[in-house]
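The values are calculated or read from the model by the stated rules, or taken from the named source; none is laboratory data. Here the structure is a predicted model, which is why all the values come from computation and not from measurement. Heads up, the Cβs are rebuilt from the backbone with ideal geometry, glycines too, and the neighbour counts pull from every protein chain shown. Accessible surface is based on the protein model in full, side chains and every heavy atom, while ligands, DNA and RNA are left aside. Shrake-Rupley method; radii C 1.70, N 1.55, O 1.52, S 1.80 Å.
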Amino acid sequence: MKFNRVIVKKNERGLLLRNGDFERVLQPGAHWLFEAIDTLRVETFALEQTAFAHSLADYLMAKEPAVVAAEFVRVELTETQVGLRTENGVLVEVLAPATRRLYWKGLVDVQVEVFDISASAEVPAAVVARLLQTQMRQRAVAGLTGVLQVQVNEHDVGVLWVNGKVERLLTPGAYAFWKFNRQVAVEAVDLRLQTLEVTGQEILTRDKVSLRLNLSATWRYTDVLKAYTQLAKPVDHLYRELQFGLRAAVGTRTLDELLENKTVIDEVVTTHVRGKLAGYGMVLDGVGVKDIVLPGEMKTILAQVVEAEKAAQANVIRRREETAATRSLLNTAKVMEGNPVALRMKELETLERVAERIDKISVVGGLDQVLNGLIKLR
């Protein structure tokens, strides 16, 4: 038999256990415990730590309603309810459905706001503002993994998916959705003109020449809801149709036809894709082939062909110039034939060109002897 003195501070509560079972809650002050046969034990709890995480919590809620009403804030949520717990007016936790907890009264003002989530997954707008930028607070908000926070930017819309189905579109702004009891996702969709690259496409022409092509297309959404309800992945659908259109344009034409008319690919692909996108809420703005890459051996052959063509063109030009020169000489000869003065001037011109190539000239007998020695006139 002995007496024990226990002090419970003003910011504490004590839990008196007799042989391990709940006896009562001890208020602040000095308490004398008389142990004769039974074993008495006191567990103290700081009221700053509001959550009563103890194995006796379920027992108290079930068998001690008066004690719970006097000492605790009781939280019992159903499968279709969530709770927002605040301490002294500040949001501190999002409580999941089916949560059962006790929070100490007396020092911290604990409030729990309950929301029914059976009808809609969307968090009320007033609550969304309280959830934003919670990571910047001194004390983080617990349980935010159960809330999907979404920011839809300008020029975008958000496609809301609930349990795998498109529910509606979200205009620019801030949103939040309860993730409990459902699968919620939001996909941001850009409404501006977008570019899609189709690269590295290996295609055989009609004459069995392998080409590698890179294509660039610009497009935009005209009806996002229609696109996402009729197509699983609208961008993938557009990519495949661009591939098919490219094959239709290249595979039905020879290499020479493609090289002679480089815009035919753009025209065929545009016509093909626009027809395939009709009714899907998407429109093709333009298509352009960026690169056409030939295999190495074909490059060599084409280089030889171009070289031969240029050589033939040069030969034609050379023949043409030779013919013109011959005709000019013939005309000059006809003029000289009946004009001795012109012939004499031609002789002097020839002599001048010859003299330009000679370093030294010795003249014997005068200029007439030089001329008679070089040229004999008949």
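Kindly provide the set of residues from the range 43-100 that are hydrophobic (A, V, I, L, M, F, W, C), under 22 Å from residue 149 (Cα atoms) and either part of a strand (DSSP E or B) or touching a Cys at 6+ places or on another chain (Cβ under 8 Å) (or both), ordered by number.
Those that are hydrophobic (A, V, I, L, M, F, W, C), under 22 Å from residue 149 (Cα atoms) and either part of a strand (DSSP E or B) or touching a Cys at 6+ places or on another chain (Cβ under 8 Å) (or both): 82, 84, 90, 91, 92, 94, 95.
What are the residue pairs meeting all of these: first residue in the range 340-355, first residue farther than 17 Å from residue 330 by Cα and open to solvent by 70 Å² or more (accessible area, probe 1.4 Å), second residue in a helix (DSSP H, G or I) and at pLDDT 70 or above, Cβ atoms under 7 Å, and 6 or more apart or on different chains?
Pairs that qualify, where the first residue is farther than 17 Å from residue 330 by Cα and open to solvent by 70 Å² or more (accessible area, probe 1.4 Å) and the partner is in a helix (DSSP H, G or I) and at pLDDT 70 or above: there are none.
For residue 86, all conditions in the list (1) at pLDDT 90 or above; (2) open to solvent by 50 Å² or more (accessible area, probe 1.4 Å) hold save one; what is the number of the exception?
Of (1) at pLDDT 90 or above; (2) open to solvent by 50 Å² or more (accessible area, probe 1.4 Å), only one is false for residue 86: (2).
Residue check: is residue 330 more than 30 Å from residue 256 (Cα to Cα), at pLDDT 75 or above and either open to solvent by 90 Å² or more (accessible area, probe 1.4 Å) or within 60 Å of the chain's Cα centre (by Cα) (or both)?
Working: more than 30 Å from residue 256 (Cα to Cα): yes; at pLDDT 75 or above: yes; either open to solvent by 90 Å² or more (accessible area, probe 1.4 Å) or within 60 Å of the chain's Cα centre (by Cα) (or both): yes.
So residue 330 fits the description; yes.
I'd like to verify a number: residues in the range 169-186 that are assigned to a strand (DSSP E or B) and in contact (Cβ under 8 Å) with a residue 40 or more places away in the chain, how many? Step through it out loud before you land on a result.
Restricting attention to the range 169-186, the residues satisfying the condition of being assigned to a strand (DSSP E or B) are 169-170, 173-178, 184-186.
Pick out the ones that are also in contact (Cβ under 8 Å) with a residue 40 or more places away in the chain and you get 169, 174-178, 184.
Going through the range 169-186 one residue at a time, the tally reaches 7.
Take the residues of the range 47-83 that are farther than 27 Å from residue 9 by Cβ and surrounded by 17 or more Cβ atoms within 10 Å (Cβ to Cβ): which is farthest from the chain's Cα centre (by Cα)?
In this case the residue turns out to be 77.
Is it true that some residue in the range 341-351 is modelled with pLDDT of 75 or more and not aromatic (Phe, Trp, Tyr)? Show your work before the answer.
First, pick out the residues of the range 341-351 that are modelled with pLDDT of 75 or more: none.
Taking every residue of the range 341-351 in turn, none turns out to be modelled with pLDDT of 75 or more and not aromatic (Phe, Trp, Tyr).
Assess whether residue 276 counts as being open to solvent by 70 Å² or more (accessible area, probe 1.4 Å), at pLDDT below 70, under 30 Å from residue 217 (Cα atoms) and within 44 Å of the chain's Cα centre (by Cα).
Values: open to solvent by 70 Å² or more (accessible area, probe 1.4 Å): yes; at pLDDT below 70: no; under 30 Å from residue 217 (Cα atoms): yes; within 44 Å of the chain's Cα centre (by Cα): yes.
For residue 276, the condition - open to solvent by 70 Å² or more (accessible area, probe 1.4 Å), at pLDDT below 70, under 30 Å from residue 217 (Cα atoms) and within 44 Å of the chain's Cα centre (by Cα) - is not met.
Among the numbered conditions (1) open to solvent by 30 Å² or more (accessible area, probe 1.4 Å); (2) in a strand (DSSP E or B); (3) over 28 Å from residue 186 (Cα atoms), tell me where residue 266 comes up short.
(2)
How do the pairs read when you match residues in the range 2-14 that are part of a strand (DSSP E or B) with residues anywhere that are polar (S, T, N, Q) and surrounded by 12 or more Cβ atoms within 10 Å (Cβ to Cβ), using Cβ under 6 Å and keeping only pairs 6 or more apart or on different chains?
12/44; 14/44
Starting from residues that are within 16 Å of residue 209 (Cβ to Cβ) and polar (S, T, N, Q), keep the ones in the range 237-260 and report whichever is least open to solvent (accessible area, probe 1.4 Å). Quick ask: steps written out before the conclusion?
Residues of the range 237-260 that are within 16 Å of residue 209 (Cβ to Cβ), as a first pass: 246-247, 249-260.
Subset that is polar (S, T, N, Q): 252, 254.
Numbers: 252: 77, 254: 28 Å².
Among those that are within 16 Å of residue 209 (Cβ to Cβ) and polar (S, T, N, Q), it is 254.
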